[in-house]
Amino acid sequence: MASPIGRLELVERGGALVAIHFDAPPDGSPENERGGSPVLVEARRQLADYFAGTLRVFDLPLRPAGTEFQRRVWEVLATVPWGTTTTYGVLAARLGMPPGASRAVGAANGANPVPIVVPCHRVIGTDGTLTGYAGGLERKAQLLRHEGVPTEADQDVLF
């Protein structure tokens, strides 16, 4: 699907959204199921509404593949509200882990196969800087600005 941050490929398996890929080719990847399944139709609709600014909470069946730890991180990550940010350390604390676990949480965050829907773009560095993002830092900044969160570049303009 076309989006303000580039073409997205939505992948469904077994009645659930399992992945969203950035920079998708116009016709999708041949190894992935595509078409008008109810899950894909609804995912496209919800993503379009998100980009239009009328949807802030996704309600889709998800089945991202990952380790038990990764899935725990993604569950907590999915609770970070629209227009807010958090840090890896805060996520680690919410998981009952020590502060030094923020790197493991960061690695799980980076492995998130359903970006945007599970909002890994809302995780920033403790010092407020934008940190790595599978879709690239500019795309992360676009998503945050879309949600009304000022980014580092925006803060430079304000002063």
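A few notes on this one:
- Percent accessible area from carbon and sulfur atoms, the chain, protein chains only, probe 1.4 Å: 56 percent
- Helix-derived mean residue ellipticity, 222 nm - over the chain, DSSP H n ≥ 4, -39500 (n - 2.57), to 500: -10500 deg cm²/dmol
- Accessible area per residue for the chain, computed on protein heavy atoms with a 1.4 Å probe, is 51 Å².
- D_trans [Stokes-Einstein, Kirkwood Rh over alpha-carbon pairs] for the chain, 10 °C, 1.306 mPa s, µm² s⁻¹: 98 µm²/s
- Positive minus negative residues near Phe58 (Lys, Arg vs Asp, Glu; Cβ under 15 Å): -1
- Contact order for the chain, expressed relative to its length and based on alpha carbon pairs under 8 Å spaced 6+ residues apart, stands at 19 percent.
- Near Tyr133, once Lys and Arg are set to +1 and Asp and Glu to -1 for all other residues with Cβ below 11 Å from its Cβ, the sum equals +2.
The values are calculated or read from the model by the stated rules, or taken from the named source; none is laboratory data. Source: prediction; values computed, not measured. Cβ: placed from backbone, ideal geometry, glycine included. Neighbour counts: every protein chain shown. Just so you know, the surface numbers come from the protein's heavy atoms only, side chains and all, with ligands and any DNA or RNA stripped out. Shrake-Rupley method; radii C 1.70, N 1.55, O 1.52, S 1.80 Å.
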